[in-house]
Amino acid sequence: MTDDELTPDGKVTLPEGQAPLAGPTNGRGKSRFPFRIYLEPRLQEPPRWYPFAISFGAVAIALFFGGIVIAFAGGNPFASYAHIARASFGSLGVFSDTIVKATPLILVGLACSLAFRMKLWNIGAEGQFFLGAFGASAVVLLPILPENTSPWIFIPVMMLFGILAGALWGFVPGFLKAKYNVNEIISTLMMNYIAVHWNNFFIFAVWSDGGFQMSPVFPRTAWLPRLTDYAEQFPILRGLTAHLGLIMALAAVLVVWFILYRSRWGYEIRLIGDNPKAARYAGLNIQRNTILVMMVSGALAGLAGMSEITGVVHRLQGAISPGYGFTGIIIAWLAKLNPFATVLVSILFGALILAGREIQPSGIPKMIQGIILVCLIASDFLMRYRVGIERVGAEPTGEEA
Amino acid sequence: MDLIIILQAGVATGTILLFATIGELLTERSGILNLGVEGMMLIGAMSAYSTAIATGNPWLGLLVAILAGGLISQVHAVITIKLQADQVVSGLALTFLGAGTSLVLGEGLSKAGTVSLLPAFSIPLLDQIPILGPIFFTRQSVMVYLGYLLVPLVWYYINHTRPGMHLRAVGEYPAAADALGINVARLRYFYVFVGGALAGLAGATISLAISPGWFSELTTAGQGWIAVGLVIFAQWDPVRAAFGSYMFGALRRLILDIQGPMTLFGMANPFYYNPYLGFFLQMLPYAFTIIVLVIGSREAVRKRLGSPAALGTPYIRGERGL
Amino acid sequence: MPPPMSTDNTAICPVKMVGIVKRFPGILANDHVDFDLRKGEIHALLGENGAGKSTLMNVLAGLYRQEGGTILVNNKPVSFSSPRDAIKAGIGMVHQHFMLVPSQTVTENILLGMEEPRFFLRLKEFDAKVAELGERFGMQVDPRAKVWQLSVGEQQRVELLKMLTLGAQVLIMDEPTAVLAPQEIEALFVTLRAMVAEGKSIIFISHKLQEVMAIADRVTVLRKGKVTAAGVKMEGVTRQELARLMVGRDVLFKLDKTPCNPGEPVLTLEDVYAENDKGLPSLRGVSFQVRAGEVVGLAGVAGNGQVELTQVINGLRRCTQGQVRLNGKEITNRPVLQAIQSGMSYIPEDRTHVGSSPNLSITDNVIMKSYRQPPIAHGWVLDGAKAEHIAGELKDAYEIIAPTIHTPVRLLSGGNLQRVILAREISGHPTFIAAVQPTRGLDVGAIEGVHRLLLAQREAGAAILLVSEELEELFSLSDRILVIYEGRIMGEITGELDTSANVETIGLMMTGSQYVSGALKEEMNRGGENISPGQPQGMVQHD
C-alpha cells in the first residue's frame, strides 16, 4: 500500500476496526515469491463502466473454462463456439431466430431483476412461465373466447390471462413469505415442479390432441403476428419468425425501468432490498411489498410464457422451455439488475440456447450458463475490493516469524 | 398394496434425502448456506455411475462420488468464504454448474448398459422383529444401513464432542471462535466439503442403489432442493432431519405404489392407473415441502428457534457482532 | 511524539510494544505507537473513540497484524498470526462485545479455547471444574446456563473466567464498564484489583476519564493513532491534563442551555407493557410524558427495555397493554407510517443497520421519510431532480462531508452518517424526537455537533426523549431524567441534575434498588427536592 491510497481528502473513512479481506499482512508473509497479491476494500464507488467490464470479463473467463470442459468431454471447443456464433448471428434469418429466443429471456430476466432488487430470490420464473403459458392456452382451449374471435381481442385477453396466471403463481410464495416467513427460494422452486405437473395434467388428460401429449394447434387468430406474416408487402421479411412478443418485452423493459428508477414504489423496492430494517423503520410495509413484487415478477414471467406459446409454439405442450426461467436468473445477474442491459444479455443467451440445440454433448449450453454464473459471482468481489500487487518487504513488516 | 413394502421402499428412498439433508445441515451449522445440493447430487450420481461402469466396481463409484461432490462444493466454499460473495447466488450458480457439468460428462451414460450395484442384504436377528424388521432390516441396501449409523453419530458429534462444539460456535458466533484461535475459514471449508461429499453420496445412492441408472436431471428430480427445505423443517437437528427424510421417502414411494393395486381397503382404488390423478399425486412431494416449510417456520417463530445465527453472512475478522 | 519511556528497574516486562504501525484503508489507526506494561499493574489505555486503542490491543491479541513495529512478551520478540498465538503467550482480551456463543453453555464457552478435552466433551466433569474455578475467583456463575440467559455482568464474568482458564497473565479489558451500572463497575474494579494481587497485569481500555482515574496505576493516552502520553503515573496527573491529551484541546464539559420552559405534553405513555425479541416481558407498566420544549433523559443499563420502549413509541414493536399518544392522538400499535406522519422522528441506536441504507446514496437516505409527499413525489412518480436538490441543501446545511450526494452512505464516517440521519429526522420539523444513543462511537467534535442540533430542536419546541448510557450526556442535555430498570421506571430526577448525590441515586435505581432503600432514604433527607416520586407502580412492584 502506498500513501496515495489513503483517502485524498481524508473525508471518507471506514469505521475503526474494519479489516481488509486479506490485507498485506494476513500471515502470507512467509511466501517465497517476491510479490504478493493483496486486496483492500474500495473506498470510492467504481466508475459506471466498471461493473459491465467485470461482467464481460467474467463471461470471457467462463467461455475459457467451458472450452476446457468441452475438450475434456471429447468435443472441440473452438468448433463449438464458432458454431454457436454462426448458428445465431450468421444471417438475418438466424438472427431473427436468436431474437425469438431472446424474447422470453428478456421478460424472465426482468422478472428476476425486479424480485432480486428487493432481495427476493424468486427462482420460480420457470413455473410462472409455465403457468403463463397455461393461462394463455386456457383462453383458447377452455375455451374462454370462441375460436373465431378477432386477434384484437384474442391477444389482449391471452396476455391478461397469462399475466394473471403468472402473478398467481408468484403470489403463493410471496404470501407465504410475508405471512409465515417461508423461505421463498425453496417455495418458488417447488412451485416450478408443481407447475410442470399441472401443465402435464392438462396436456395429457384434458386438452390432449388425439392422445398425443400436446394440445391442438391454436387458431391463427390467437397467434402473435410475426415478421414473416408481412412477407407479401416486404419480401425481405420472408421466413423471419420474430414476433410481437419482442415489442411486449421491450415495452416491459421501459415499464420496469420506470418502476425501479422513477417511481415511489421503485424507491421502496430498492430501500427494502438494501436494508429491510431501515425500510421498516421508515414506515414501509414490507409484507405488502413482498407480495406485490412477487406478483409483478410472476406476471412478467407469465407474460413470457404467453408470448412463447402464442408467438412460437402455438399449442400447449410439455417442452415449451429449455429452462428459460433459470436462465433468467443468470441474465438478471449478468445485467446487474439493469433493465436495459437485460436486453443485450438476453440476446447473447438467446444465441447460446438457439445454437446449443445442435451442439453435442447436449448439456453444453446449460454447463456454460453455470460456469458464467460462477465466474460472475466470483468476480463480484472486484466490485468491493481493489486488487493490487506489491513487492514483498517494501515495508517493514513482522517478517521475523 | 402392502404397507410394509411401501414403507420398506420408503426408507430406502428416504436414505437419499437423508444423506443430502444431513450434509446440508452440517454445512449450514458452520454458517454457510449452500443451495447447490441439487447440483452436487447430480455430480455424485453421474460420477458414481460412470465410474462403476468404467471399472465395474460400485464401491469405487461411491468413493469417486464422495470426492466429486466434495470437490465441486469447494467452488462454493471459495466464492463465499474467500471472496465473500452472496451465498444464495453462489449456491444457485453451483446448482447450474453441477447440473450442466453432469449433463455434459454424463452424455450417453443412460444407454451404457448394466452395472453392478451396491449390495443389499438383511440383518440377521433384527429382521425378525415384527413390523420394524421387514421395514428397516430386510433386503435393504448397504447405504440404508449406513444412513442408520450416520444419524446418531452426527447428532452425538454435534452436541457432545469438541469438534462439534467448534462447529456450533463457528456457525453461531464466528468472532468468538476466532478470538479463541479456532480457524473459522478452515472449519467452514471443511464443512462445506462434508456437505458436498454427503450430497455426492446421496447422488451415488440413487444411481448405484435405490433407483439405479443415469436419467440426466430426472435422476434427482428436485430432491436436492427438498433436502434444503428439510433442513429448515428439521431446525438444524439431525434426528428431525432423519424423520423428515424417511417421511418424504415414504411419500414418494406411496405415490408410485398407490397407482398399482385395483382395490384399496376393499374399495375400488381411485388412483388405479389413473393418469389424471397421477399428475396431482406427483405434485405432492413438492406441495408437501412447502407445507413442511410453513410448519417449520411457524414453529420457529413460536419457539423462537432460529437458524445458526451467522448463517449466510461471511466472517470478516474485525467486523463486529453477528 | 513524547519522549521515550525511561527504562525502569522492572526486570521482566510482560508486554512491550515498540513503534507499532497499523493501517486500514483510508486511515492510519496506529502511527508508531509505543506501549509497555509492567507486571502487576493496571495500565489504562485512554483515548477517544477512533483514537486507535482497540486496534492497538487487537494487534496485541493477535487479531490484527501490524505493518510495522515489534511486540515483546516477557522481553522476547513475538509474532502473532492468530489470537491463539497470543493466548499461548499468556495474553487474553475481553472484548467490548463479548466473544461468547449465546446458544452454548458457560462451560462450553470456556472449553472452546482449551486443549482439553480432546474429543468427547464430558460436560459433567467440566461443569464441576468451572463451578470450582468461579468459586476460587469469587465470580459465581451457573456453568450449565446458556450464555444468552445471563445478565451482562455475568457474561463479563464468564469472559474473565475464560481468560483465566486459558492461563492469561495479561488481561486486556476493552471498555469493560460500558455495559455496567455504577455498582457493577465497583464490583468489577474489586475483581480486577484481586487479579492484580495474584500477579496478573491488566490493560484497561477506556474513554472515560473518571474510571481511569479511579482504577489505573499508569496511563497511556492515544490521540488519532499517536501516543500523547506514554505510561504516565496516575499520581500528579489532573483530569484536565488527561482530557487535553486525549482530545487535543480543552473539553467543553458544559453546553449553553436556556432554562427549560415546557409546554403541552407531546408524548404520553400510559401503563405500557411489551415483550422483547425472545418473548420475555421487557416493559412492565411504563408511564411518562414528554412535553414540548423539554429534553427527558432516560438512564439505564443497556438491555433494560430502552430499545423496546422507543420501538413501541415508534410503532416498530407491539405493546401488549397500555396506550401511547402523540399530540393527543392515539398511536398505540399503529403502523410506523402513522407515527411518522404525526410528527415523530426517531434517531435509532444502530446507525448502519436500522438508521440508514448502506448501499444507497445520501440522497436516497435523506428522503427516506419524505419521499411520499410533494415536492419529491407527484402521485406515483418520484421527482429525482427535486430529491437531489433537497439532498444537496441538507448536505450543506448539516455539513455532511462526502464527495457527492450520490455517495453510498456506507462510505461515510460515523459522524457524517449520523449527520445524514439527523438531517433526515430533523428537517421534517418533528414535534417529537426519540434519540437513542445519538453520540455512541462518535469523536468529541461530532458529539458536540449532535448535542447542538438536539438542543436547537428543543429551542424550536420539539419534545425530546434522549436514551443514553452516558450519564455525562444525560446531565448536559436533559431537563429531567428518568431511570429504567427491567422495564420499569424506577424514579425521576429533576432540578439541578449534575450532582454527585444524583449520580449515586441514579446508579442505585439503575441496579434496581427500591426507591425507599437505605441509601436512597438518606438521599431524600439530604436533597429530597431533587427527587420526585416518579412512577409508583414501578417502585412498589419491584421485588
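Rule-based calculations on the coordinates, nothing more; no lab input. The model shown is predicted, which means the values in this text are computed figures rather than measured ones. Note that each Cβ is placed from the backbone with ideal geometry, even for glycine, and that neighbours are counted across all protein chains shown.
Find the relative contact order for the stretch C:15-247 and round it to a whole percent, using C-alpha pairs within less than 8 Å whose residues are 6+ positions apart.
Working: 439 pairs, mean separation 69.3, N = 233.
Result for the stretch C:15-247 is 30 percent.
Rounded to whole Hz and in sequence order, give me ³J(HN,Hα) for the stretch C:292-306 from the Karplus expression 6.51 cos²θ - 1.76 cosθ + 1.60, θ = phi - 60°, writing x for Gly and Pro.
Along the stretch C:292-306, the couplings run 4, x, 10, 10, 9, x, 10, 9, x, 6, 3, x, 9, x, 4 Hz.
Arrange A:TRP265, A:TRP333 by Cβ neighbour counts within 10 Å, fewest through most, would you?
A:TRP265, A:TRP333
Arrange C:SER361, B:SER47, B:SER110 by Cβ neighbour counts within 10 Å, fewest through most, would you? Before the final figure, lay out the partial values.
On the way: C:SER361 20, B:SER47 29, B:SER110 13.
Lowest to highest Cβ neighbour count: B:SER110, C:SER361, B:SER47.
Using alpha carbons only, how many degrees (0 to 90, rounded to 10) separate the axis of helix C:152-165 from the longest principal axis of chain C?
Roughly 20 degrees, rounded to the nearest 10.
Toward the positive end of the charge dipole of the protein assembly as shown, about the Cα centre and with charges on Cβ (Lys, Arg +1; Asp, Glu -1), which of A:LEU63, B:LEU198, B:VAL151 goes farthest?
Positive-most Cα among the choices belongs to A:LEU63.
Within the stretch C:15-247, what percent of beta bridges assigned by DSSP are antiparallel, to the nearest 5? If you can, show how the numbers build up before the last one.
Working: 21 of 40 bridges.
Roughly 50 percent of the beta bridges in the stretch C:15-247 run antiparallel, per DSSP.
Considering every residue in C:500-510, what mean count of other chain Cβ atoms within 10 Å of its Cβ is obtained?
Numbers: counts 0, 0, 0, 0, 0, 0, 0, 0, 0, 0, 0.
So the per-residue partner count for this stretch is 0.
Roughly how big is chain A's charge dipole about its Cα centre, with Cβ charges of +1 (Lys, Arg) and -1 (Asp, Glu), in debye to the nearest 20? Spell out each step's value before the answer.
Details: 29 positive and 23 negative charges, 78 e Å.
My answer is approximately 380 debye.
Excluding residues on the same chain fewer than 8 positions from C:LYS395, give the lysines whose Cα lies under 22 Å from its Cα.
Reachable lysines: A:LYS11, C:LYS369, C:LYS386.
What number, rounded to the nearest 500 deg cm²/dmol, is the helix-based mean residue ellipticity at 222 nm of chain A, given -39500 (n - 2.57) per DSSP H run of at least four residues and division by all its residues?
On the way: 14 runs with 235 residues, N = 401.
Value at 222 nm, helices only: -19500 deg cm²/dmol.
What number, in percent, do you get for the relative contact order of the stretch C:61-137 if the mean sequence gap of Cα pairs under 8 Å and at least 6 apart is divided by its residue count?
On the way: 40 pairs, mean separation 16.8, N = 77.
Contact order relative to length: 22 percent.
Setting aside same-chain residues fewer than 8 positions from C:LYS278, which aspartates and glutamates have a Cα under 16 Å from its Cα?
B:GLU299, C:GLU308, C:GLU486
Under a 5 Å amide H to amide H cut-off, with H placed in plane at 1.01 Å, what residues pair with A:ARG226 once short-range neighbours are removed?
none
Given the options A:SER150, A:SER137, A:SER113, state which has the largest fluctuation in a GNM of chain A using a 10 Å cut-off (strictly under) for Cα springs.
Greatest mean-square fluctuation among the candidates belongs to A:SER150.
Shielding of B:180-186 by partners, i.e. mean partner chain Cβ atoms within 10 Å per residue?
Details: counts 15, 11, 5, 2, 0, 0, 0.
That works out to 5 on average.
Ordered by packing density, taken as the mean number of other Cβ atoms within 10 Å over each peptide's residues, highest first, how do B:166-178, B:24-36 rank?
On the way: B:166-178: 25.6, B:24-36: 27.8.
Top to bottom by mean Cβ count within 10 Å: B:24-36, B:166-178.
Counting alpha carbon pairs within less than 8 Å and at least 6 residues apart, what relative contact order, in whole percent, applies to the stretch C:354-428? Before the final figure, lay out each step's value.
On the way: 82 pairs, mean separation 33.2, N = 75.
Relative contact order comes out at 44 percent.
If a/c stays under 1.5 just call it rounded; otherwise compare a/b with b/c (prolate if a/b is bigger, oblate if not). Do that for the stretch A:198-309, with a ≥ b ≥ c from the square roots of the Cα gyration tensor eigenvalues.
oblate
Work out the charge dipole of the protein assembly as shown with +1 on the Cβ of Lys and Arg and -1 on the Cβ of Asp and Glu about the Cα centre, then indicate which of C:THR363, B:LEU26, B:ALA287 is farthest towards its positive end.
Toward the positive end, the furthest listed residue is B:ALA287.
I need the peptides B:231-241, A:234-244, B:70-80 ranked by packing, meaning the mean over residues of other C-beta atoms within 10 angstrom, with the highest value on top.
Working: B:231-241: 21.5, A:234-244: 15.4, B:70-80: 23.7.
Taking the mean over residues of other Cβ atoms within 10 Å, the ranking is B:70-80, B:231-241, A:234-244.
When a/c is below 1.5 the answer is rounded, else prolate if a/b is larger than b/c, else oblate, so apply that to chain A with a ≥ b ≥ c taken from the square roots of the Cα gyration tensor eigenvalues.
Values: a/c = 2.35, a/b = 1.65, b/c = 1.42.
Here chain A falls in the prolate category.
So how tilted is helix C:123-137 from the main axis of chain C? Cα-based, degrees 0 to 90, rounded to 10.
The angle comes out near 90 degrees.
In peptide B:284-294, what is the residue-averaged number of other protein chain Cβ atoms found within 10 Å of each Cβ?
The shielding value for this peptide is 6.
Once both axes come from the Cα atoms, what is the angle between helix B:184-205 and the longest principal axis of chain B, in degrees from 0 to 90, rounded to 10?
That helix lies at roughly 10 degrees to the long axis.
Suppose every K and R has +1 on its Cβ and every D and E has -1 on its Cβ; what is the size of the dipole of the protein assembly as shown about the Cα centre, in Debye to the nearest 20?
2080
Order C:458-468, C:51-61, B:129-139 from most to least packed using the mean count of other Cβ atoms within 10 Å.
Working: C:458-468: 22.3, C:51-61: 26.2, B:129-139: 15.5.
For the peptides C:458-468, C:51-61, B:129-139, the packing ranking is C:51-61, C:458-468, B:129-139.
Go through C:LYS16/C:LYS233; A:LYS336/A:LYS366; A:LYS101/A:LYS366; A:LYS277/B:LYS82; C:LYS39/C:LYS76; C:LYS53/C:LYS146 and tell me which ones have a Cα-Cα distance over 22 Å in this structure.
Working: C:LYS16/C:LYS233 17 Å; A:LYS336/A:LYS366 20 Å; A:LYS101/A:LYS366 15 Å; A:LYS277/B:LYS82 27 Å; C:LYS39/C:LYS76 15 Å; C:LYS53/C:LYS146 31 Å.
A:LYS277/B:LYS82; C:LYS53/C:LYS146, as the Cα separations exceed 22 Å there.
Which order results if A:PHE129, B:PHE280 are arranged by neighbouring Cβ count within 10 Å, fewest first?
On the way: A:PHE129 36, B:PHE280 16.
Ordered by Cβ neighbours within 10 Å, fewest first: B:PHE280, A:PHE129.
Take the alpha carbon gyration tensor of the stretch C:251-325, find the square roots of its eigenvalues, order them as a ≥ b ≥ c, and report rounded if a/c is under 1.5; if not, report prolate when a/b exceeds b/c, else oblate.
Working: a/c = 3.14, a/b = 1.59, b/c = 1.97.
Verdict is oblate for the stretch C:251-325.
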